[in-house]
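These notes concern the structure reproduced below.
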Amino acid sequence: ETGVTQTPRHLVMGMTNKKSLKCEQHLGHNAMYWYKQSAKKPLELMFVYSLEERVENNSVPSRFSPECPNSSHLFLHLHTLQPEDSALYLCASSQGTGTMQYFGPGTRLTVT
Amino acid sequence: TQLLEQSPQFLSIQEGENLTVYCNSSSVFSSLQWYRQEPGEGPVLLVTVVTGGEVKKLKRLTFQFGDARKDSSLHITAAQPGDTGLYLCAGVLISSGSARQLTFGSGTQLTVLP
């Protein structure tokens, strides 16, 4: 595997389910990000981890819970989501923050 | 109000035509990046510009950073169907200090018809 991978690619979940999104980067980077991409809206930065510590949390509801066990892996735990949370969730990594970011293919999430 | 405004939002042209898309802000950026995103994929970095007035070329794509580092443009010459995609600009605010997070525009959806 090369670059940034994300699993699953597609996820349909009910409002009472618990699921997790996984991201893995094979680039040796030290920063990882979660973004939300909704139709007709700019990418919204959700969380930033630098050197495995969370350095940014942009007013994201608590039903989204990130986890970064090491510099190569990032998870987004989902719990009791709302239909408006349906979106493409993108993971990215970079060497240092604010630099060139490499994105994964995203997880298309649908909340029913 | 978005920090980075991209225009046009949608653009549909015939193969062989030229086009320019714009990324504008009232804020100053220390650097600005352009990405292209195809359906079902994540954005892919095309270029980074860091110096006011800088021009970079990538085959048929020409990127320019404004002198004041508040705006940027992407010009495509002789567009091809393979250029179809969502073009995103993203910048690091010069005032962001150590945070240095990327702020994204909402994108220009380009369709090149054969």
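Restricting the GluC sites (Glu not before Pro) of region A:1-56 to loop positions (DSSP other than H, G, I, E, B) with no more than 11 neighbouring Cβ atoms within 10 Å leaves A:Glu1. The relative contact order of chain B, computed from alpha carbon pairs under 8 Å that lie at least 6 residues apart in sequence, is 36 percent. Of interest is the spacing of the C-alpha centroids, which for region B:55-75 and region B:1-46 amounts to 11 Å. Cross-link reach is defined here as a Cα-Cα straight distance under 25 Å, omitting same-chain residues fewer than 8 places apart; for A:Lys19 the lysines meeting it are A:Lys36, A:Lys41.
Cα centroids of region A:55-100 and region A:11-48: 4 Å apart. Placing R0 at 30 angstrom, the Cβ-Cβ distance between A:Leu51 and B:Ser30 gives a FRET efficiency of 0.90 after rounding to 0.05. Comparing the full protein assembly with the isolated chain (1.4 Å probe, heavy atoms, ligands and nucleic acids excluded), the residues of region B:33-51 losing at least 10 square angstrom of accessible area are B:Gln33, B:Tyr35, B:Gln37, B:Gly40, B:Glu41, B:Gly42, B:Pro43, B:Leu45, B:Thr48. Summary value for region B:25-91: 37 percent relative contact order, contacts being C-alpha pairs under 8 angstrom separated by 6+ residues.
Between A:Gln82 and A:Glu67, the simple label model (points 7 Å from Cα in the Cβ direction) yields a spacing of 2.5 nm.
Accessible area per residue for chain A is 47 Å², calculated with a 1.4 Å probe on protein heavy atoms, without ligands, DNA or RNA. Interface residues of region A:62-103, defined as those losing at least 30 Å² of solvent-accessible heavy-atom surface relative to the isolated chain (probe radius 1.4 Å), are listed as A:Thr97, A:Gly98, A:Met100, A:Gln101, A:Phe103.
Computed from point charges on the beta carbon alone (+1 for Lys and Arg, -1 for Asp and Glu), the dipole magnitude for the protein assembly as shown about its Cα centre is near 140 Debye.
Between B and A, buried accessible area from a 1.4 angstrom probe totals roughly 1500 Å², ignoring ligands, DNA and RNA.
Between A:His79, A:Tyr33, A:Thr112, the Cα set farthest toward the positive side of the dipole of chain A (charges on each charged residue's Cβ, about the Cα centre) is that of A:Thr112.
Ordering A:Gly14, A:Pro66, A:Thr2 by the projection of their Cα atoms onto the charge dipole of the protein assembly as shown, which places +1 on the Cβ of Lys and Arg and -1 on the Cβ of Asp and Glu, puts A:Gly14 at the extreme positive end. The mean number of partner chain beta-carbon atoms within 10 angstrom of a residue's beta-carbon across peptide A:30-36 is 1. Computed about the Cα centre, the dipole magnitude for region B:1-111 is approximately 320 debye when only Lys and Arg (+1) and Asp and Glu (-1) carry charge, each at its Cβ. With pairing defined as another cysteine C-beta under 4.7 Å, the cysteines of chain A that fail it are A:Cys68.
The values are calculated or read from the model by the stated rules, or taken from the named source; none is laboratory data. Bear in mind the structure is a predicted one, so any value in this text is a computation, not a measurement. FYI the Cβ positions are ideal-geometry reconstructions off the backbone, even for glycines, and counts take in every protein chain you see. When the accessible area is computed, the model is the full protein with side chains, heavy atoms only, and any ligands, DNA or RNA have been set aside. Shrake-Rupley method; radii C 1.70, N 1.55, O 1.52, S 1.80 Å.
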